[in-house]
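The values are calculated or read from the model by the stated rules, or taken from the named source; none is laboratory data. Everything quoted here is computed from the prediction, not taken from an experiment. As a convention, Cβ positions derive from the backbone with ideal geometry for all residues, glycine included, and neighbour counts pool all protein chains shown. Just the protein is used for accessible areas: all its heavy atoms, side chains included, with ligands, DNA and RNA removed. Shrake-Rupley method; radii C 1.70, N 1.55, O 1.52, S 1.80 Å.
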Amino acid sequence: MSSPSSTVSNLARKLGINLLFMLGLAAAVAPITLFVSPPVAMAIAVVTWIGGSAWAINRFENDIDGWSIICAIVPLIMVTFGFHDYLSLERGATVADIPVAQAPQYSSGSRFNFTDSVVQRKMAATFRSSSRDRKTGRLRYHYYNVAPLTSKDWTAAEPVPAWVGCSDGFNEKCSEWRNACTSAIPVEDLDRQGLRKAIELSMSQNSLRVATSAPLLQCVPSIEAGRQERARRLWLPMVVIYLFWAVCTLIYQGVQAVRDR
């Protein structure tokens, strides 16, 4: 029977190695997401996960197990679909105190504070995508909503200077559109394709023209709040899954220690 100090040492080693294992996989995939599309990045992430897991089990067979490998999927998914958005937002310039009409003059990664902005909710459009659940066979729907973001004196005869969008699981317009959209950040890459299709619907239904380089944005309470929310969506699931794994491991090790007495 191992001594208490030895048990604590082994447990600390196991927790540390698994933390490095999960972070290492995520760190290996993160730079790739800056150069390839999310589907390609996901394929590379799967290969990295399989190869990294095989190496880790062979190298740390007493510390890395199947449960560790399964939990490591979560950081990989979050990095694959969220790291590029997060880094682009952090690198983007803040453009403050401009009218919405000037938004197309700035790069697509810019963050905006507008002096005048109106969400043209009556010209909003929704694109619905569907996928079939493999287990139940039922169709699942996802909704992509967009609306023109304009100045107060804008008319439909003028090009749309910017768009705001959001995606959700229900056929509802975005609640943040009810307030003035004075702060906005770029939408997430994962939603961009569906939102682009919604823009096409809005243009067709309302006979609209769009300004060249009109940005596609997400309304936020403030730029700082948008940055914090984007960071939480990336990092919080990683922390939660590691803590969940660590707690389960501690409980299991505790039960084993009691049985071995």
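Here is how the numbers come out for the structure above:
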{"item": "Label selected from (i) 1.11; (ii) 1.02; (iii) 0.99, the criterion being Rg/Rh (Cα atoms, Kirkwood Rh) as computed here", "result": "(i)"}
{"item": "Exposed GluC sites (Glu not before Pro) absent - longest run of the chain, DSSP non-H/G/I/E/B, at most 14 other C-beta within 10 Å", "result": "62-171"}
{"item": "DSSP-defined antiparallel bridges as percent of all bridges, the range 73-231, nearest 5", "result": "75 percent"}
{"item": "Total charge dipole magnitude, the chain, about the Cα centre, Cβ charges on Lys, Arg, Asp, Glu only, Debye to nearest 20", "result": "620 debye"}
{"item": "Percent of alpha-carbon pairs separated by more than 19 Å within the range 33-180", "result": "70 percent"}
{"item": "The chain: Lys pairs at Cα distance under 28 angstrom, eight or more positions apart or on different chains", "result": "6"}
{"item": "Part-to-part distance (alpha-carbon centres) for the range 1-74 and the range 132-165, which is given in Å", "result": "38 Å"}
{"item": "Calculated SAXS-style log₁₀ I(q)/I(0) at q = 0.23 Å⁻¹ - the range 33-86, Debye, Cα scatterers", "result": "-0.84"}
{"item": "Rounded if a/c under 1.5, otherwise prolate or oblate - the range 113-238, Cα gyration tensor axes", "result": "oblate"}
{"item": "At least 18 Å along the helix axis (C-alpha) and Kyte average at least -0.5, DSSP helices within the chain", "result": "4-29, 38-59, 73-91, 223-260"}
{"item": "R0 of 41 Å, Cβ-Cβ distance V36-Q256: FRET efficiency to nearest 0.05", "result": "0.40"}
{"item": "Accessible surface ranking that places the most exposed of D153, D63 first, with a 1.4 angstrom probe", "result": "D153, D63"}
{"item": "Relative contact order %, the chain, counting alpha carbon pairs below 8 Å whose residues are six or more apart", "result": "19 percent"}
{"item": "Cysteines, the chain, no other Cys beta-carbon under 4.7 Å", "result": "C71, C248"}
{"item": "Chymotrypsin sites (Phe, Trp or Tyr not before Pro) restricted to the range 10-80 and DSSP loop, no more than 14 other C-beta within 10 Å", "result": "F35"}
{"item": "Selection of chymotrypsin sites (Phe, Trp or Tyr not before Pro), the range 170-261, meeting DSSP coil and at most 16 other Cβ within 10 Å", "result": "F170"}
{"item": "Helix-only [θ]222 nm of the chain, DSSP H runs n ≥ 4, -39500 (n - 2.57) each, per residue, nearest 500", "result": "-17000 deg cm²/dmol"}
{"item": "Theoretical FRET efficiency, 1/(1+(r/R0)^6), r = Cβ-Cβ of T212 and R134, R0 41 Å, to 0.05", "result": "0.45"}
{"item": "Three-way shape label, the range 191-236, alpha-carbon gyration tensor, a/c 1.5", "result": "prolate"}
{"item": "Ratio Rg/Rh, restricted to the range 1-109 and using Cα atoms, in which Rh is the Kirkwood radius", "result": "1.22"}
{"item": "Neighbour-limited loop hits for trypsin sites (Lys or Arg not before Pro), the range 184-259 (at most 12 other Cβ within 10 Å; DSSP other than H, G, I, E, B)", "result": "R209"}
{"item": "Charge context of E158, other residues only, Cβ under 13 angstrom, K/R +1, D/E -1", "result": "+1"}
